Every structure is written in C-alpha cells, then in structure tokens.
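Only one structure is covered here, and it is reproduced in the block below.
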Amino acid sequence: DQGNKEAKERLKYAFRQFFRVITRYFHHLVIVLDDLQWTDALSIELLDAIINDRNISIMFIGIYRSNEVDGAHYLTKTIRDMHEAKKKRWDLTEVSIGNLDAAICEEILVQLLCIQPCTETKRLADICHQRTAGNAFHLLAFLAMLQEQKLLVNLGQFNDQPNRWMWTWNPDQIEERTAVSSNVVELIKGTMSKQPQMLKDLLQLVSCLGTAFEKDIAICAFLHMHDGIYPSQAGRVVDDLLSMAVRESFLERQGDSRFCWVHDSIQAAAMQQVSEIEIVAYKFKLGKVLIQSLEKKDVESNLFEIANLLLHSREECTQVDKMILLDLYLKAAKKAVEFSSVESCAIYAEKGISLLPPDKWSEELEVSLELFSLIVEAHFSLGNIDKMKVYGDEVLRQSTLTELEKVRVYNCNISLVGGTMNKAQEALEMSIVVLRRLDCKFPENKLLQGRMALSSVAITKLPTEREIADLPILKDPSRKACMEIMVNAATYRHHCN
C-alpha cells in the first residue's frame, strides 16, 4: 500500500545519503555481498538505487550461485538491465568461477598437509578430484572423511623440518573404499551418522529452524521434542550439544546465544537423516510445539520459521488448530509484505485461504477479505494475472462487501490495465467509476469539468508550507482510498492527452 511505498523510498533515501557521506571521506570503498541467490526484491531495489546514484563512488563485489538463479530471479533481471543500459556510468564485469581442476586440488593438498609435491600427492589429488568433481567444500569434506576413516594418517613432524609433516596413505585402498559422490550431503550424512544420537537429534531439530537460530528457541523445542529431558536439564544439555556441534564444524557461533550452519549442505544433511514424509510430519509437530510453548513476542519474532514448518503438512487439524494456523498465516502474509517478499506473501495467503471454512464470507468475513486482498496484490506484483483475477473476481462477487472493502482489488485491476496493459484511457475510466462508487463524483461533461476546475483554482487560496504541516492527518479510510485513486488517475489523464 501507499505507506509501504513511502517507507521503501525513505529507506532508499537514507542509504543513499549514508553512502554519499561515507564515500566522500573514505576512498575507495569496496563492499562484498555473498549469497546473492537468496536476496529479495527490496534488497535488489536498494542495491540498484545506490549503484545508480552519481554521487556515490563505490565498488560492489557480488557473489552468487548461478545454478540457483533462474531467468525469473530478481538478480538476473537487474544484471540484464545493467547490461542493456545505454548510458552506463559503471563498469560491469562478470567472472564465472567453476570447480577446481586436478592441478589446483594438488596445490591445496600440498598446502593443507604441509608436504612436498610428488607422484603420490598427484595421485591422491587425482582421486580427490574424481570423487568430488572439484567442488571446494566437497573436497575439504572428503579429506576430513579420509582422515576420520584412517585412510589418511598423520605421522607427525620431521625432526629437521619443523614446518613439514609426515602423512601416509594408500591410493589403492582409498579408491577401493570410497565411491564417487557428486553430492556433498551424502558425505556429511556419513560423518553425522557417527555422532552421538542426542547430537543427531538436536541437529535434525535445528535444521528445521532455518540457516540461523537462537539458543533459547532450540532449548524450548528440544525439551518438548526429545523424550527423557527434564526442564531443569534442558539448558545445560542443549548448551553442551551445541558446543559439540561447533567443535565438529557443523555449526558456528554468532554471538553469545545465536548459531548458524557452517554451510547449507550441512543443514541439508541434518534434515535428510529421515525420509521426506517423516520430515514433513516432524516439522509440523515442531511448529505446533513452538506455537504452544513460546511466548507471543517470540512467536512474532520467529513468525516465518514457524509458518514454514507448518506449510507442507497434510495432517488433519482440529477446528481450534485451524483457527490458530489461520491467524499465523495471516500474520506471516502481512509481515512478508512489509519485507517486500511478495512471493512468500502469496504462499502464506494461499495456505490461509485453504484453511477457511466453506461459508467463509459469512463466518470469517474479515479474515477472508484480508487474505484475498493480500493474495490479489501479491499475484499482481508477481505478474500472475490469471491467479490475480481468480481471487479478485471472487471478492468482487460478494454482495455483503462494501465498495470500500473491495477497493484493494479495484486498485490492482486499474493498475493492471493502466500499467501492465498500457491502456491509460481505460484505466482512467475505471478509476472514475470506482470513485463514484465511493461517493466521490466527477461531472461527465468535459465543458463542465473545465469550468469547475477553473472556478476551484480561482476561489482556492493555496496554503503555505506551515499550514500544510499543521493540517490534521487524514484518517477517513474512504477519503484515503479516493486520494490514492485520484493520484494515479491524474497520471493516466496525463498520458491520455
């Protein structure tokens, strides 16, 4: 809505001003942004605004996994637009980094093991390259697995060369006892399977909480999901297990009470300890535990994580559970809009709609209207016009709704015609019809329109800046809706003539 648009513009303005000041006094500023494949639309818009500001001198280095970014991704569109810009003020360089070749694998081995290159190191490097396809993280996991299985043994330092170590390995034995694996998850699962059962249980649990999590949330969940843990013991037990996970390089600390996964492949391995069907049921149970056990403020701060846990379950819910989940998905959809994550908004709203009773427009009118309005706006933003019309038409068919309650759907329909379809005249006519339905009427006769406009200008005294600042905030929802429609209608009128 208009408030969110203004908030986004203020955020962009604040960041531009910040970087203008920083780059004025600190040259040259280089910012590295990793994992851009997980970025959202607002972050891309913010980055675009900074790059296009001529008063900011800055170098951005962006890193992303190209296999996780398709043609419809926000990042792909931004890069394409930057390439197609005719008057660029920036230099854009793309560097594709593939997997390591066998020679580089050997260099890494020599450096890691502190040994001299020789025929045996080359053969070990060739095996490592064959088994890992040159994936850097996979290579390190494979070497760790070799050492753990005593296939790569450290014999200590040379007496006369303190910076050199003695290692022994049997290439034939390594080839025989290891298999080709293009999936690092399988290697990590093998390492994880050798851990104590309680640690495996905790890793599976926290893998469902996202890429990072708070220790208090893990304690609360582990207490209710793991049998045989007393409330007085839970904190100490989880603390010890988390410390063990850090030592084993599964997790790393982010401050005193927050943890994150060392790599998303480790998170995937922890989650895949059980079958896909079992993990869906496990997530649903965990989500319900968190809703019932956490305080309201903690549920609100972990809203997306809890909503995602409950999304894909096919379990039957009681009516009470449905109402709880309905409220959760509605809150998650609205919060997703605040973060400009319209795709998530559509997912949460659709899940919420699936939980509504058959007679939703009489039993749950307010909730139904909000969910349908959210999903219409989300699908419009995503360009899913057919889905937008399906949900929007259902709202417009409801005779129990007022015209004001339908206005969000009207706005999307008008924006579709005037913006996406580029039919300004038709959008203007639609705007005037909706304004009339909201009791904001314009004369249809053009001559009368001109006379009214001139007389209004003649008798109206323009307020000063101070008088405008002292005006009370407009709170009437009908007038606010009319104002928004008229602002857009003025643009369409300009394009018509």
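Assess whether V434 counts as being touching an Asp or Glu at 6+ places or on another chain (Cβ under 8 Å), within 21 Å of V409 (Cβ to Cβ) and not polar (S, T, N, Q). Lay out the reasoning, then the answer.
Details: touching an Asp or Glu at 6+ places or on another chain (Cβ under 8 Å): yes; within 21 Å of V409 (Cβ to Cβ): yes; not polar (S, T, N, Q): yes.
Answer is yes for this residue.
Would you kindly identify the helices (runs of 4 or more DSSP H) lying entirely within segment 62-155 that contain at least 2 residues that are over 26 Å from the mean Cα position of the chain (by Cα) and under 28 Å from D264 (Cβ atoms)? Give the steps one after another, and end with the answer.
On the way: elements: 74-84, 102-113, 119-132, 136-148.
Correct list: 102-113, 119-132, 136-148.
Would you check which residues across segment 417-436 are outside any loop (DSSP other than H, G, I, E, B), in contact with a helix residue (DSSP H, G or I) (Cβ under 6 Å, 6 or more places away or on another chain) and free of Cβ contacts under 8 Å to residues at least 24 places away in the same chain and list them?
Of everything in segment 417-436, those that are outside any loop (DSSP other than H, G, I, E, B), in contact with a helix residue (DSSP H, G or I) (Cβ under 6 Å, 6 or more places away or on another chain) and free of Cβ contacts under 8 Å to residues at least 24 places away in the same chain turn out to be V417, E426, M430.
Quick check: anything in segment 252-268 buried (at least 19 other Cβ atoms within 10 Å of the Cβ), assigned to a helix (DSSP H, G or I) and either without any contact (Cβ under 8 Å) to a residue 24 or more places away in the chain or hydrophobic (A, V, I, L, M, F, W, C) (or both)?
So far as segment 252-268 goes, yes, one or more of its residues are buried (at least 19 other Cβ atoms within 10 Å of the Cβ), assigned to a helix (DSSP H, G or I) and either without any contact (Cβ under 8 Å) to a residue 24 or more places away in the chain or hydrophobic (A, V, I, L, M, F, W, C) (or both).
Suppose the filter is touching a residue at least 40 places away in the same chain (Cβ under 8 Å) and part of a helix (DSSP H, G or I); does I468 pass it?
no
Across segment 372-398, what is the number of residues that are among the aliphatic types (A, V, I, L, M) and either within 19 Å of K331 (Cα to Cα) or crowded, with 18+ Cβ neighbours inside 10 Å (or both)?
6
Please determine whether any residue of segment 223-230 is open to solvent by less than 40 Å² (accessible area, probe 1.4 Å) and under 17 Å from V274 (Cβ atoms).
yes
Could you check segment 412-439 and list, in sequence order, the residues that are open to solvent by less than 30 Å² (accessible area, probe 1.4 Å) and either out of contact with any Leu (no Cβ under 8 Å at 6 or more places or on another chain) or within 30 Å of E364 (Cβ to Cβ) (or both)?
C412, I414, L416, V417, A424, A427, L428, S431, V434, L435, L438
Pull up segment 191-211, narrow it to residues that are under 30 Å from Q149 (Cα atoms) and among the hydrophobic types (A, V, I, L, M, F, W, C), then point me to the one that is most open to solvent (accessible area, probe 1.4 Å).
Checked segment 191-211; the qualifying residue most open to solvent (accessible area, probe 1.4 Å) is M198.
Any residue at all in segment 278-288 that is closer than 18 Å to K335 by Cα and either among the hydroxyl-bearing types (S, T, Y) or out of contact with any Cys (no Cβ under 9 Å at 6 or more places or on another chain) (or both)?
no
Would you be able to say whether some residue in segment 66-77 is surrounded by 12 or more Cβ atoms within 10 Å (Cβ to Cβ), aromatic (F, W, Y) and without any contact (Cβ under 8 Å) to a residue 40 or more places away in the chain?
Taking every residue of segment 66-77 in turn, at least one turns out to be surrounded by 12 or more Cβ atoms within 10 Å (Cβ to Cβ), aromatic (F, W, Y) and without any contact (Cβ under 8 Å) to a residue 40 or more places away in the chain.
Which one of these is over 22 Å from the mean Cα position of the chain (by Cα) and either modelled with pLDDT of 90 or more or small (G, A, S) (or both): S249, S265, S207? Walk me through how you get there before you give the answer.
On the way: S265 fails: over 22 Å from the mean Cα position of the chain (by Cα); S207 fails: over 22 Å from the mean Cα position of the chain (by Cα).
Result of the check over S249, S265, S207: S249.
Identify all residues within segment 357-371 that are without any contact (Cβ under 8 Å) to a residue 24 or more places away in the chain and either surrounded by fewer than 16 Cβ atoms within 10 Å (Cβ to Cβ) or among the hydrophobic types (A, V, I, L, M, F, W, C) (or both); write none if there are none.
If the condition is that a residue be without any contact (Cβ under 8 Å) to a residue 24 or more places away in the chain and either surrounded by fewer than 16 Cβ atoms within 10 Å (Cβ to Cβ) or among the hydrophobic types (A, V, I, L, M, F, W, C) (or both), then P357, P358, D359, E363, E366 are the ones that fit.
I'm checking my understanding of the structure. Among residues of segment 11-59 that are of a type in the set (A, V, I, L, M) and outside any helix (DSSP H, G or I), which one is farthest from E343 (Cα to Cα)?
L29
Can you name every residue in segment 219-264 that is β-branched (V, I, T) and in contact with a Ser or Thr (Cβ under 8 Å, 6 or more places away or on another chain)? Working first, answer last.
Narrowing segment 219-264 to residues β-branched (V, I, T): 219, 229, 237-238, 246, 262.
Hit for segment 219-264 is V262, nothing else.
Output the residue which, of all residues in segment 299-341 that are basic (K, R) and modelled with pLDDT of 85 or more, is most open to solvent (accessible area, probe 1.4 Å).
Residue satisfying both the conditions and the ranking: K334.
Which residue pairs have Cβ atoms under 6 Å apart, sit 6 or more places apart or on different chains, and have a first residue in segment 437-454 that is under 30 Å from E405 (Cβ atoms) and a second that is assigned to a loop (DSSP other than H, G, I, E, B) and at pLDDT below 75?
Matching pairs, first to second residue: Q449/P443.
Would you be able to tell me the number of residues in segment 458-485 that are acidic (D, E) and open to solvent by 80 Å² or more (accessible area, probe 1.4 Å)?
Of the residues in that region, 3 qualify.
If I filter segment 342-355 down to residues being open to solvent by 70 Å² or more (accessible area, probe 1.4 Å) and not β-branched (V, I, T), which single residue comes out as farthest from the chain's Cα centre (by Cα)?
Here the answer is S354.
Taking interchain pairs and intrachain pairs at least six residues apart, which have beta carbon atoms under 6 angstrom, with the first residue in segment 143-164 and open to solvent by 60 Å² or more (accessible area, probe 1.4 Å) and the second at pLDDT 75 or above and assigned to a loop (DSSP other than H, G, I, E, B)?
These pairs meet every condition: R164/C114.
With the checklist (1) more than 20 Å from M388 (Cα to Cα); (2) at pLDDT 90 or above; (3) in a loop (DSSP other than H, G, I, E, B) in hand, flag the one item C482 doesn't pass.
(3)
List every residue pair whose Cβ atoms lie under 6 Å apart, where the two residues are 6 or more positions apart in sequence or sit on different chains, the first residue falls within segment 9-33 and is more than 23 Å from I63 (Cβ to Cβ), and the second residue, located anywhere, is loosely packed, with under 12 Cβ neighbours inside 10 Å.
Note: pairs meeting the criteria are R20/N55.
The values are calculated or read from the model by the stated rules, or taken from the named source; none is laboratory data. These figures come from a predicted structure and were not determined experimentally. Note that we place each Cβ from the backbone using ideal geometry, even for glycine, and neighbour counts take in every protein chain shown. Each accessible area value is taken on the protein alone, full model and side chains, heavy atoms only, with ligands, DNA and RNA left out. Shrake-Rupley method; radii C 1.70, N 1.55, O 1.52, S 1.80 Å.
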